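Worksheet: the structure to be examined is printed underneath.
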């Protein structure tokens, strides 16, 4: 399909507690596996869209529950990362991924610039504009929000098991990640990754743009997907993360504006 001809309508992201002005903003850029009907599943089978290549399984549920428990704001991206990946720079080579975990995405092959721009305008830009609006409203109100990216990861990759139950990613600003790692290690017996199973020094666009660029404390939270398989599990993780985020909000060494070079 030549989707440069598709007349895509702007698809707004889901905004949680839009009027809240608390101490946390939760951003979920891989929230859904939804692909608008015009794109015919990007040429993939339905089964592919249920896998981790299409979304971060369980991340949206945890995001909604944290925002509900804490009464804080959040944003969920409106479409699958296979259509366009909101956690990539606007010109990144995998903004529209031609392949994911070894699976070729037929409708993403050899897209022209106009087709990529159509997707960017319809889905990517509205997500980031919503994130920016929340950050700006908090700053105007004199708040220094903790900016959190909510993700999940597979129990194994390329045949290698991943022993971490959770991980915290960061680039140059370690404050929030290190604080949350320390709290989890203090309160639980979880195996926690520090820039594992991924590194925030590699892929960190959403947190960089909406957190670090403003000097705000920020981290991407990764929870292993097998631990998010039921409603009870996502509730338990949301409660745990909400508790430690609440403690972080009161820490002067964390909740302040500071730019790192």
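At q = 0.10, 0.11, 0.12, 0.17 Å⁻¹, what log₁₀ I(q)/I(0) does a Debye calculation on the Cα points of the stretch 109-247 give, no solvent, two decimals?
Normalising to I(0) and taking log10 leaves -0.40, -0.49, -0.57, -1.03.
Stretched out fully, how many nm does the piece from residue 103 to residue 258 gain, at 0.36 nm a residue minus the Cα gap? Numbers along the way, then the final one.
Numbers: separation 155, 0.36 × 155 = 55.80 nm, distance 4.08 nm.
Full extension from residue 103 to residue 258 adds 51.7 nm.
Hey, in the GNM for the chain with a 10 angstrom Cα cutoff, which one of 22, 58, 159 fluctuates hardest?
Of the options given, 159 has the highest mean-square fluctuation.
What distance in nm separates the simple spin-label points at residue 140 and residue 92, each placed 7 Å from Cα in the Cβ direction?
It works out to 2.9 nm between the two label points.
Please work out the C-alpha center-to-center distance from the stretch 92-158 to the stretch 200-239 and express it in whole Å.
A separation of 14 Å, based on Cα centres.
Be a star and scan the stretch 107-150 for residues whose amide nitrogen sits under 19 Å from the point 7 Å along the Cα-to-Cβ vector of residue 18.
122-141
Compare 209, 175, 186 in a GNM of the chain, Cα atoms joined below 10 Å, and give the one with the largest fluctuation.
Among 209, 175, 186, the largest mean-square fluctuation in the Gaussian network model of the chain belongs to 186.
Compute the acute angle (0 to 90°) between the alpha-carbon long axis of helix 59-70 and the principal axis of greatest extent of the alpha-carbon atoms of the chain; round to the nearest 10°.
Result, in degrees: 40.
How would you rank 52, 128, going from fewest to most other Cβ atoms within 10 Å of each one's own Cβ?
Values: 52 17, 128 21.
Ascending number of Cβ neighbours within 10 Å: 52, 128.
What is the order of 100, 80, fewest Cβ neighbours within 10 Å to most? Walk me through the numbers on the way to the answer.
On the way: 100 19, 80 24.
Listing 100, 80 from fewest to most nearby Cβ atoms yields 100, 80.
Output the antiparallel fraction of DSSP beta bridges having both residues in the chain, as a percent to the nearest 5. Don't jump to the answer; show the numbers that get you there.
Values: 11 of 29 bridges.
If we restrict to bridges inside the chain, about 40 percent are antiparallel.
Mean residue ellipticity at 222 nm from the helices of the chain, using -39,500 (n - 2.57) per DSSP H segment of n ≥ 4 over the full residue count, to the nearest 500 deg cm²/dmol? Provide the component values of the computation, followed by the final result.
Numbers: 7 runs with 77 residues, N = 261.
Estimated from H runs of four or more residues: -9000 deg cm²/dmol.
Neighbour counts of other C-beta atoms within 10 Å: give me 164, 55 arranged from fewest to most.
Details: 164 18, 55 23.
Placing the least packed residue first, the sequence is 164, 55.
Read the figures in this text as sums done on the coordinates, not as results from a lab. Values in this document were obtained by computation on a predicted structure and should not be read as measured data. Backbone-built Cβ (ideal geometry, glycine too); neighbour counts: all protein chains shown.
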